[in-house]
Amino acid sequence: MNETIDVHTHIVPEDFPRYAGKHADTPWPSMMPAHECHRHVMISGKVYRTVSDGSWSVPRRIEDMHEMRISRQALSPMPELLSYWLPLDDARALIRYLNEQIAEMIARAPQRFVGLGAVPLQDTEAAIRELEYITGQLGFRGVEIASHVNGAPIGETRFEPFFAAATRLGAAVFVHALRPAGQERIVGPFTEQAVCFPGEIALAAASMITGGIAARHPGLRIAFSHGGGAMPVLMHRLAHAWASIPKSKEALPESPVAYARRFYYDALVFDPKAARFLVESYGASQVVLGSDYPFNMGDTDPVGTLERSGLDAATIAAITLRNGRRFLGIA
């Protein structure tokens, strides 16, 4: 099997510690048994999601990786566990637990896993301290963050010190859609992940451009999940506005397309033609492999999707290995 790196996978611990904080009605997660090899993630007394044992079991995960032709995974928390809505002391406790769980999984198979931990981004200073801890003490390659923080776009200047710290530390930043805009407009029995994530992740990527953070921190290694969603089309609309509206052009020294093509994007778009479109939009050097393992909205054959795209062997090799190594900072 050729070496491959999947940058978009998630973990959920088999159990969570009992809530030990001081705040009433805190939506602290817990786990309950479900059917065979599965457990329920409980939040505020309700089932949020039922997850398989691949979420926490290293042997099961490695077994599935073999079937998927994945030799290495970046482990990040299930996005709903990022906990930006918790009081800071509670969020710090839960996030530290998640990061230590990821570290334990890596320790069991260090050649198979790297870490993309969590930080309490509702407090920039606390987030920087946790980023320093996971990249220093735990040796993680970077961090997973959400597309917004309690409604605040990640491109807002209040978050710029965090991105400056990530650049200084050489930490990769993986951005995942979470609690997306437009949920109230879903029609029929479809989930927010299916309907709203493409728009949500494009809004996040656009905010990093229009807010100027991408321009001011060219060394930042940042990747966007789900192929960047609507970004391949949106970036050209932004470029037209930049060229046509004087205030937009004054805000950025280069076209928005130039910044968009410096970001990384996972190839989790399910359709081979869509995967090819990502390469045509962003460039062969900026697309990385992603599966969303172990969730049911993931691609169980991400390498196969690329192989069916008509892309040449060199481009597929770049997406499945070299680009992921460069994004994660693996020598």
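The values are calculated or read from the model by the stated rules, or taken from the named source; none is laboratory data. Nothing here was measured: the structure is a model prediction, and the numbers come from that model. Positions of Cβ are backbone-derived with ideal geometry, glycine not excepted, and every protein chain shown enters the neighbour counts. The protein model used for the area step is the full one, side chains on, heavy atoms only, and it has no ligands, DNA or RNA in it. Shrake-Rupley method; radii C 1.70, N 1.55, O 1.52, S 1.80 Å.
Condition first: among the β-branched types (V, I, T) and either under 20 Å from M31 (Cα atoms) or touching a residue at least 60 places away in the same chain (Cβ under 8 Å) (or both). Now tell me which residues in segment 43-75 satisfy that.
Across segment 43-75, the qualifying residues are I43, V47, T50, V51, V58, I70.
Where residues in segment 245-279 are more than 22 Å from the chain's Cα centre (by Cα) and of a type in the set (D, E, K, R), which of them is least open to solvent (accessible area, probe 1.4 Å)?
E254
For every residue, the table says whether it meets (1) surrounded by fewer than 22 Cβ atoms within 10 Å (Cβ to Cβ); (2) assigned to a loop (DSSP other than H, G, I, E, B); (3) without any contact (Cβ under 8 Å) to a residue 24 or more places away in the chain; (4) in contact with a Lys or Arg (Cβ under 9 Å, 6 or more places away or on another chain).
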| residue | (1), (2), (3), (4) |
| --- | --- |
| E36 | yes, yes, yes, no |
| V41 | no, no, no, yes |
| A103 | yes, no, no, no |
| Q111 | yes, yes, no, yes |
| P120 | no, yes, no, yes |
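Given (1) open to solvent by less than 10 Å² (accessible area, probe 1.4 Å); (2) over 12 Å from P79 (Cα atoms), where does A146 come up short, assuming only one miss?
Result: A146 fails condition (2) only.
Restricting the search to segment 294-315, which residues are open to solvent by less than 60 Å² (accessible area, probe 1.4 Å) and of a type in the set (D, E)?
The answer is D299, D301.
Which condition does E80 not pass, out of (1) within 17 Å of V175 (Cβ to Cβ); (2) touching a His at 6+ places or on another chain (Cβ under 9 Å); (3) assigned to a helix (DSSP H, G or I), if it passes all the others?
So E80 meets the others, but not (2).
In segment 13-33, is there at least one residue being in contact (Cβ under 8 Å) with a residue 60 or more places away in the chain, under 30 Å from T305 (Cβ atoms), open to solvent by less than 70 Å² (accessible area, probe 1.4 Å) and of a type outside the set (F, W, Y)?
Yes, segment 13-33 has at least one match.
Evaluate segment 175-198: report whether one residue or more is buried (at least 17 other Cβ atoms within 10 Å of the Cβ) and either over 18 Å from the mean Cα position of the chain (by Cα) or among the acidic types (D, E) (or both).
No.
Can you tell me which of A194, A202, A177 is in contact with a Leu (Cβ under 6 Å, 6 or more places away or on another chain) and either farther than 15 Å from N150 by Cα or touching a residue at least 40 places away in the same chain (Cβ under 8 Å) (or both)?
So the residue among A194, A202, A177 that is in contact with a Leu (Cβ under 6 Å, 6 or more places away or on another chain) and either farther than 15 Å from N150 by Cα or touching a residue at least 40 places away in the same chain (Cβ under 8 Å) (or both) is A202.
Check whether at least one residue in segment 308-319 is outside any loop (DSSP other than H, G, I, E, B) and touching a Phe, Trp or Tyr at 6+ places or on another chain (Cβ under 9 Å), and report yes or no.
Among the residues of segment 308-319, not one is outside any loop (DSSP other than H, G, I, E, B) and touching a Phe, Trp or Tyr at 6+ places or on another chain (Cβ under 9 Å), which makes the answer no.
Being touching a residue at least 40 places away in the same chain (Cβ under 8 Å) and aromatic (F, W, Y) is the filter here, so list the residues in segment 259-312 that pass it.
If the condition is that a residue be touching a residue at least 40 places away in the same chain (Cβ under 8 Å) and aromatic (F, W, Y), then Y259, F263, Y264, Y265, F277, Y282, Y293, F295 are the ones that fit.
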